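For reference, the structure discussed in these notes is given below.
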Amino acid sequence: MMHRCPICKKATDSELDRDFPFCSERCRLRDLGAWASEKYVVSDPVFDEQELEGRSAETEARRKRNDTIH
Ligand SMILES: [Zn+2]
């Protein structure tokens with residue numbers, strides 16, 4: 001099966017290239033690095049912590065607002 005390396009667009013062959021669909025380990029690692037820097041940030045535990053913190057702070061603010069109203 002012929003394919004093109006998603007990194008450098010060089011033609012690759014699933015039967016010949018060990019790092020298919022990448023043409024080389026270098027491109028495979030580069031894609032992995034790009035994936036890690038883009039996607040890993042989203043699922044980073046620190047982000048989840050901040051989100052939870054923000055959510056609880058929001059709940060706290062809403063509670064305080066209700067206290068002021070009543
Ligand atoms: Zn490549």
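Any read-out appearing in this document is the output of simple, stated calculations on the displayed coordinates, not a laboratory observation. As the structure is a prediction and not an experimental result, all values here were calculated from the model. Neighbour counts run over all protein chains shown; Cβ positions are idealised from the backbone, glycine included.
So if each residue of separation counts as 0.36 nm, and I subtract the Cα-Cα distance between H3 and R65, what length gain in nm does that give?
So the chain would gain 16.4 nm between H3 and R65.
Arrange the following residues from fewest to most other Cβ atoms within 10 Å of their Cβ: S56, S24.
The most exposed by this proxy come first: S56, S24.
What is the calculated FRET efficiency for A57 to L29, with r their C-beta to C-beta distance and R₀ = 30 Å, to the nearest 0.05?
The pair A57/L29 has a calculated efficiency of 0.15.
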